[in-house]
Structures are given as C-alpha cells and as structure tokens.
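Here is the structure we will look at, set down as structure tokens.
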Amino acid sequence: MNNLVKEVKNLLQIAKNTLKGKKLIEKTGKINVKGDVTIGMDVRIEELFLNYIKKQNLPATIFSEEIGAVRFHEKPKLTIAFDPLDGSTNYRVGNELLPYGVLIAVYKGVKPRLKDIICAGALENTKGFMWIYDGKQTKNLINNKVIRIKNDWEIHKSTPVYFDLYYKKAFDTFSTLPEKVHVRWNGSTISSLMYVLSNTAAGMGSVCMRAEEIGAVYGLIRGAGGIVVNADGTDLGEEEFDPKRTYFILGGCEKIVRFCLKEINKL
C-alpha cells in the first residue's frame, strides 16, 4: 500500500513539473477514445505517466482518457485509471485563471468495483492543491493535513454546490435546485472536487462522469468523510469500474447530497 501511495505521489509531481513547462495548447489532430480532440499537454502527461508506470513495472492494466485501456503486464493485479489533463479547455483558454489538473486512481484487481480503490490522487494546478487518498483518509499533500468535509452545511439558496453543466441533460436533471442551493460550475471535474475538499462547496455532481475521473473523486471524498452516491442514493462504490460507461454521481456533505437527490427525484 505505502509503495502505491508513493507511486501516485510521484505521478502527481511529474504532472506538476510538466505543467510548469512550456504551454502545449496546440491540437494534435488526434481523437481520443471519448471522441474529443486532444491537445499537446494531454498527450505529453499521458506519455510520461505510461513511461513511469512501465519503468516501475507496476502489475497493472491502465485506462487513460487519451488512449483507452492498455494491458502491458503479463500478470496484472491492479487497475490504474487517470485523466492526464482534466479541464483541457480551461488549460487552453483560461489564462491560468480557470481550474485544471490531474486525477489518478488505483484499484485492486482487473475487474474492480469502485469501492476496491486502493489509493487515489489529484492535482489542481492553478491554485497548487494536491491531495492523496491512502485507502483510509484524504490528506492535503502541501501541508500533510488530514481533510474532513464540513458536515453542518445549511440547506439554503446561498450554499454552493458544483454540478457539471456541460451537457443539456445536466441542466434538465438539476433544474429543480436553483434558489434552493447555489448551483455553480467552473468547467472541470477537478475544480468541483477542489471546492468540496476545501470546504468551499457543500457538494458536487455529474450526470455522466467519465471512468478516468470517477475513482479519484470517489476515493478522495470518501476519505474525507463525505458520501458519494448514485441516482438511487446507493453508495457508488458498489458499481463496477467500466471504461465504456459514465456515472451519475452526487458527492460531498451527506445532508446536502441527500437533499439534492430528493429534489432531483421529484422530476
């Protein structure tokens, strides 16, 4: 376990160092497995991650946003999923004002459920945040402090909750919530996660979070004492990790998450 946590920390540092370098915003002309056009930094961080994992000979099957699933170890015992640049548009056009970063999750087994997560990490580059989930708790890597999600948020129209509003389906799904809570969105999953882990927001949600993102979000919020549920209100950890699907998710302070889910289900 300690070795895997160390490896995730090393991957986050690789990403942080790379993002300090030349800004690689040019489109590559390639289409990733999700149908999106890739840019230079997406590809560069992914290449560095793959090279590192191979060099360390980690017994893993890998899933990344850009290339999909890769099995290079003869006897894989782990699944490593990562988004090498979450918030690519924020990175490309945000002038270092809009949040973007990296998400990594390590699962036990090659056909895991989400609750089989061993460790996870995330980097938000504009503010310099880094977090690690070590299988038990979530820590801020900058000051090594344990993170606990605030549990006494009020149900109020000024209470911020961040939802991925990229898809029209999201507007329809979350349409009952404005003026009951403060619905916000800042263009990336890592931004929503940052606000929840810093207790700047009470919760976050998405109607179709991608497989390369879901594990890090699940592990880091659960490790900080929050809940992460699906549309039925069941702990999301019971669902299988599947690179071919997306996930409905609500996570954060339990009171706010349960309230939002109740309102959504009125539709």
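Which whole-number percent of Cα pairs in segment 160-264 have a distance greater than 17 Å?
Details: 2414 of 5460 pairs.
Roughly 44 percent, once rounded to a whole number.
Students often get this wrong, so check it: of Lys6/Lys244; Lys136/Lys157; Lys111/Lys136; Lys16/Lys54, which have C-alpha atoms separated by over 31 Å? Before the final figure, lay out the partial values.
Working: Lys6/Lys244 29 Å; Lys136/Lys157 33 Å; Lys111/Lys136 21 Å; Lys16/Lys54 20 Å.
Long pairs (Cα-Cα over 31 Å): Lys136/Lys157.
For the chain, set up a Gaussian network in which alpha carbons nearer than 10 Å are linked by springs, and say which option among Asn151, Asn125, Asn95 fluctuates the most.
Comparing Asn151, Asn125, Asn95 in the GNM, the peak value goes to Asn95.
Round to a whole angstrom and tell me the spacing of the C-alpha centers of segment 152-204 and segment 74-112.
Cα centroid of segment 152-204 versus Cα centroid of segment 74-112: 21 Å apart.
Compute the angle between helix 40-55 and the longest alpha-carbon principal axis of the chain, please, reported from 0 to 90 degrees and rounded to the nearest 10.
Roughly 60 degrees, rounded to the nearest 10.
Beyond 23 Å, what share of the Cα-Cα pairs of segment 2-140 remains, rounded to the nearest whole percent? Provide the component values of the computation, followed by the final result.
Values: 3064 of 9591 pairs.
Everything past 23 Å amounts to 32 percent.
Give, in nm to one decimal, the length gained when the segment between Ser175 and Glu96 is fully stretched (0.36 nm per residue of separation minus the Cα-Cα distance). Let's see the in-between values first.
Working: separation 79, 0.36 × 79 = 28.44 nm, distance 3.03 nm.
Contour length minus Cα-Cα distance gives 25.4 nm.
For Kirkwood radius over Cα pairs in Å, which listed value, [x] 19.3; [y] 18.4; [z] 30.6, comes from the coordinates shown?
[y]
Which percentage, to the nearest 5, of the DSSP beta bridges contained in the chain is antiparallel? Write down the numbers at each step before the final one.
Details: 40 of 52 bridges.
Within the chain, antiparallel bridges account for around 75 percent of the total.
Which of His156, His73 comes first, and how do the rest follow, when ranked by fewest Cβ neighbours within 10 Å?
Numbers: His156 11, His73 17.
Starting with the residue having the fewest Cβ neighbours, the order is His156, His73.
Given Cα pairs under 8 Å that are at least 6 residues apart, what percent is the relative contact order of segment 160-264?
Working: 164 pairs, mean separation 31.6, N = 105.
With pairs under 8 Å counted, the relative contact order is 30 percent.
Can you give the extra length, in nm with one decimal, that the chain gains between Arg113 and Lys244 once fully stretched, where that is 0.36 nm per residue apart less the Cα-Cα distance? Don't jump to the answer; show the numbers that get you there.
Values: separation 131, 0.36 × 131 = 47.16 nm, distance 1.40 nm.
45.8 nm is the gain from fully extending Arg113 to Lys244.
Read-outs: derived from the displayed coordinates by stated rules, not from any lab. Since the structure is predicted, the reported quantities are computational estimates derived from the model, not experimental observations. Please note: Cβ atoms are built from the backbone with ideal geometry, for glycine as well, and neighbour counts cover all protein chains shown.
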